[in-house]
Structures are given as C-alpha cells and as structure tokens.
Amino acid sequence: MKMKMIRTLAAASLGLTLALAAGTAALAQGKGLDEPFRDGYKKALAGKTVGYIPVAMGFDLTQGWFDGLKKDLEPSGMKVVVRDPNWNTNAGAQAFTSLIAEKPAVIVIHNPDVQTYAKLIKKAEDEGIYVVQINMRSAQASTAFVGADWVDIGERLTEAAASACKGKSNKIAIVQGAPTAATSAYTLKGVENVLAKHPELKVVSNQAADWDAAKAKALTQTVLKQHPDICGIVGFWDGMDIGTAAAIKEAGLTGKVFLGTSGGGEQKGTCDLVKSGAFDLNISYDVPTQAANMASMIKWLVQGGVKPGAAKQNIYTTLIPVTKDNASKDGTCWKLAAK
C-alpha cells in the first residue's frame, strides 16, 4: 500500500513537471498557455451546495454573512441556500437534520448555544459534510470556525470602562447575551480577566438580556435607578444594547455613563450610533471580512483539502474599535444593501 502511494505521488509530480516544462516552452515561443490548475478548481466548486443556518435572518450579522457568501461563492458555480429558524432552536435542529439528508458539500452554522447542534455537527461531518461555525461556537468542534475572539472583546470593553470610570464611582454593570451561548461565556471571561487587574471596579449588576433589546432596556433602567452614580456598562452585542443605550438616554445620562459593546460593524448599527453618542465604544468584528474568510475556507475545503472533521481550524477575525474618532471615516463601517 505504501509503495503504491509513493508511485502515485511520483507520477503526479512527474505530470506537473512535464506540464510546467511544456508551459515554459510555450512561453518561449510567445504562445498562449492553459493554466494547469484552473479546470480542476472550477470542476471542484461547480454544482456544490452550501447550506446556511443562522439563528435568524433579518438583521445585519446574518444577512451580511449570507450576502457575502453568495457574492463570493455563486460566481464559482456554487449554490448557497438558507434555512431560517427565526430564533427557534427546535426549528433550527430540524433544518440542520433536513440539510444533512440533502447532502450539501458544506453547512455553515450559527449556533444559538453550545449544545443544541452539537450531535448534528458530528453527524454531518461523519457523513462527509464540512461544517463551518460562524461567531458562536458549539461544544462540538468542527472542521472550521470563523469568528471574533470574544475573550479579547471582553478585555477591551472592560479596560475601556475602567478608563472611563477613573475618578468616578468605579461602579459598572454587565449586560450579557444568552448565558448558554459560548459568546457570552467567552466575553465574560475577558471581563473577569480585567476585573482581576482592577480591584477598584465594583460590578453592581451582571445580568443576561438574552440578546433582546427590550430586556436590556428594562435591566438597565432598574440598575440606573438603584445606582444613579454608575459610571460604566459593558454590553455584549450592539443589537441588544440599543435597549441599554435607550435606558441611559431616558435617564439623562448619555455621555456620563460609558457604554461599550460589540457588533458586526454595519453603518446604522455601529458607526451611526457611536456618532450619536449612544455607544462610546463599539468593537466591530467586520461581517464582510468574516463572510470572505468563510468563503475562502469553503473553496479550499471543497477542493479536497481535508476530510470533514479531520482538522479543527480557526480564523479569528481582526477587531476594529469604533469610537467618535473614526466613526465618521469612510471604510470604518459597511452598509447593508437595501432588499
């Protein structure tokens, strides 16, 4: 078996050497030359299906990823299909199960929590389907993860809050997302790392708003009434922290209570709200870049780069701190196309 593999590799190497030699001769004669890898690349991608299961469609993150995947993959002959569970984890699991039965080349999954899709991720890869996780991890690792470094985000937001609180009450609050989501747990770890270095900070509230802006607003209203001298709030997602910002504004504390959050960097949800003063800091993980990273990974995988589940690769996307200093600059944020 070993000798057969060696002979196969030697034959492939010889074939490539001959092709390159022929190409060199053609160039020397001023003739056109077929690119030796182009046909194989096009054949590997053509007709392949990529299934996409977000937590829900209809907001900047999930729509931006979908648009980016279609933009980068469909010109290569691939098809991107979406299954929208609309925040329903049972519907998401059913969609995942159905997609596995349809045998796409790749499934891109946006996990609502660490457990719901864990067994399905393993099942998909056991059946030869690549699984790419975006931003929110499952307890089950897959061939690829593309997303933010949430620990880093938690550290940056809390350091900024500590700086804003200097000379003030040093009271801060934390508005988490869903406590069962890896995103919340990892961000909270980053918060805790900084709190350990800043014993002067006092956390007066640490509650979960489950990614819901209305819940975030209600929680923050209560905190502000109980602690009117609070100086900083660390939020875990800008789509939720619109509610946090609204509560601060209603209390007449905009500009007095620091609010840091994170998001996908879309113009209306990030730069415009920073410019308005609703957010003091929004750490963008730049959705278009994440979509491009996923598309590149998918193109590499479907060419036979690795067996599904055999590798566990990660791409942590570059973070962009958005403040009033750069919120008005072109290119800091991206715009979601009107549908």
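Values in this text are rule-based calculations from the coordinates and carry no lab data. Just so it is clear, the structure is predicted and the values come from calculations on it, not from any experiment. FYI the Cβ positions are ideal-geometry reconstructions off the backbone, even for glycines, and counts take in every protein chain you see.
With a cut-off of at most 12 other beta carbons within 10 Å, and DSSP calling the residue loop, which GluC sites (Glu not before Pro) in segment 110-212 qualify? Please list them. Show your work: numbers first, answer last.
Numbers: sites: Glu125, Glu127, Glu155, Glu159, Glu192, Glu200; in loops: Glu127, Glu200.
Counting only loop positions with at most 12 other Cβ atoms within 10 Å, the GluC sites (Glu not before Pro) in segment 110-212 are Glu127, Glu200.
Using DSSP to call loops (not H, G, I, E or B), can you name the chymotrypsin sites (Phe, Trp or Tyr not before Pro) in segment 245-297 whose Cβ has at most 14 other Cβ atoms within 10 angstrom? Provide the component values of the computation, followed by the final result.
Details: sites: Phe258, Phe279, Tyr285; in loops: Phe279, Tyr285.
Taking segment 245-297 and a limit of 14 other Cβ atoms within 10 Å, no loop chymotrypsin sites (Phe, Trp or Tyr not before Pro) are found.
Is segment 42-100 rounded, prolate or oblate when judged by the Cα gyration tensor, a ≥ b ≥ c being the square roots of its eigenvalues, rounded requiring a/c under 1.5 and prolate requiring a/b larger than b/c? All intermediate terms of the calculation are to be shown ahead of the outcome.
On the way: a/c = 4.65, a/b = 1.53, b/c = 3.04.
Oblate.
Using label points projected 7 Å from each Cα along Cα→Cβ, tell me how many nm separate Lys275 and Lys168, to one decimal.
So the two model labels end up 2.4 nm from each other.
Determine the principal axes of the Cα atoms in the chain, then give the extent along each, sorted from largest to smallest and rounded to whole angstroms.
Taking the Cα atoms of the chain, the three principal extents are 77, 47, 42 Å.
In the neighborhood of Pro308, defined by Cβ-to-Cβ distances under 14 Å, what is the net charge if each Lys or Arg adds +1 and each Asp or Glu adds -1?
Values: positive: Lys48, Lys103, Lys122, Lys123, Lys307, Lys312; negative: Glu125, Asp126, Glu127.
Every neighbour counted, the sum reads +3.
Taking the mean number of other Cβ atoms within 10 Å as a proxy for protection, how do you rank 43-51, 133-141 from highest to lowest? Numbers along the way, then the final one.
On the way: 43-51: 17.1, 133-141: 21.8.
Output ranking for 43-51, 133-141: 133-141, 43-51.
If every alpha-carbon in segment 280-339 counts as one equal scatterer, what log10 I(q)/I(0) does Debye give at q = 0.15, 0.18 1/Å?
Rounded to two decimals, the profile gives -0.62, -0.76.
Is the shape of segment 145-185 best called rounded, prolate or oblate, per the rule: a/c under 1.5 gives rounded, else a/b larger than b/c gives prolate, else oblate, with a ≥ b ≥ c the square roots of the Cα gyration tensor eigenvalues?
Numbers: a/c = 5.41, a/b = 1.91, b/c = 2.83.
Oblate, since a/c reaches 1.5 and b/c is not below a/b.
As an exercise, identify the chymotrypsin sites (Phe, Trp or Tyr not before Pro) in segment 35-116 lying in DSSP coil whose Cβ has no more than 12 other Cβ atoms within 10 Å. Display every interim value, and only then the final one.
Working: sites: Phe37, Tyr41, Tyr52, Phe59, Trp65, Phe66, Trp87, Phe96; in loops: Phe37, Phe59, Trp87.
Sites meeting the loop and neighbour criteria: Phe37.
Please give the FRET efficiency for Met57 paired with Thr318, using the beta carbon to beta carbon distance and R0 = 35 Å, rounded to the nearest 0.05.
Working: r = 25 Å, r/R0 = 0.73.
So, using R0 = 35 Å, E works out to roughly 0.85.
Before rounding to the nearest 500, sum -39500 (n - 2.57) across all DSSP H runs of length at least 4 in the chain and divide by the residue total; then give [θ] at 222 nm in deg cm²/dmol. Each step should come with its number before you reach the end.
Working: 11 runs with 151 residues, N = 339.
That comes out to -14500 deg cm²/dmol.
For a paramagnetic label modelled at 7 Å from the Cα of Thr97 toward its Cβ, which residues of segment 117-139 fall within the zone defined by backbone nitrogen distances under 18 Å?
117-127
Determine the shape class of segment 150-284: with a ≥ b ≥ c the square roots of the Cα gyration tensor eigenvalues, call it rounded for a/c under 1.5, and otherwise prolate if a/b is greater than b/c, oblate otherwise.
Working: a/c = 1.27, a/b = 1.03, b/c = 1.22.
In terms of gyration-tensor shape, rounded.
Consider all pairwise Cα distances in segment 76-232 and report the whole-number % of them above 24 Å.
Details: 5536 of 12246 pairs.
Percentage above 24 Å: 45.
Would you mind pulling out the separation of the Cα centroids of segment 263-339 and segment 64-135, in Å?
So the two Cα centres are separated by 19 Å.
Provide the net charge surrounding Lys166, with neighbours chosen by a C-beta distance below 15 Å and charges set as Lys +1, Arg +1, Asp -1, Glu -1.
Values: positive: Lys168, Lys171, Lys197, Lys202, Lys256; negative: Glu159, Glu200, Asp229, Asp280.
Computed value for this residue: +1.
Relative to the Cα centre, what is the charge dipole magnitude of segment 150-284, using +1 at the beta carbon of each Lys and Arg, -1 at the beta carbon of each Asp and Glu, and rounding to the nearest 20 debye? Walk me through the intermediate numbers first.
Values: 14 positive and 14 negative charges, 79 e Å.
Computed charge dipole of segment 150-284: roughly 380 debye.
Picking from Ala178, Gln226, Gly239, whose Cα lies most toward the positive end of the charge dipole for segment 150-284 (charges on Cβ: Lys, Arg +1; Asp, Glu -1)?
Gln226
Listed highest first by mean packing, meaning other Cβ atoms within 10 Å per residue, what order do 297-308, 265-276 come in? Can you show the working numbers first?
Values: 297-308: 16.9, 265-276: 20.2.
Descending mean neighbour count gives 265-276, 297-308.
Which percent, to the nearest 5, of DSSP beta bridges fully inside the chain are antiparallel?
Once the DSSP bridges in the chain are tallied, antiparallel ones form about 10 percent.
With +1 on each Lys and Arg Cβ and -1 on each Asp and Glu Cβ, how big is the dipole of the chain about its Cα centre, in debye rounded to the nearest 20?
700
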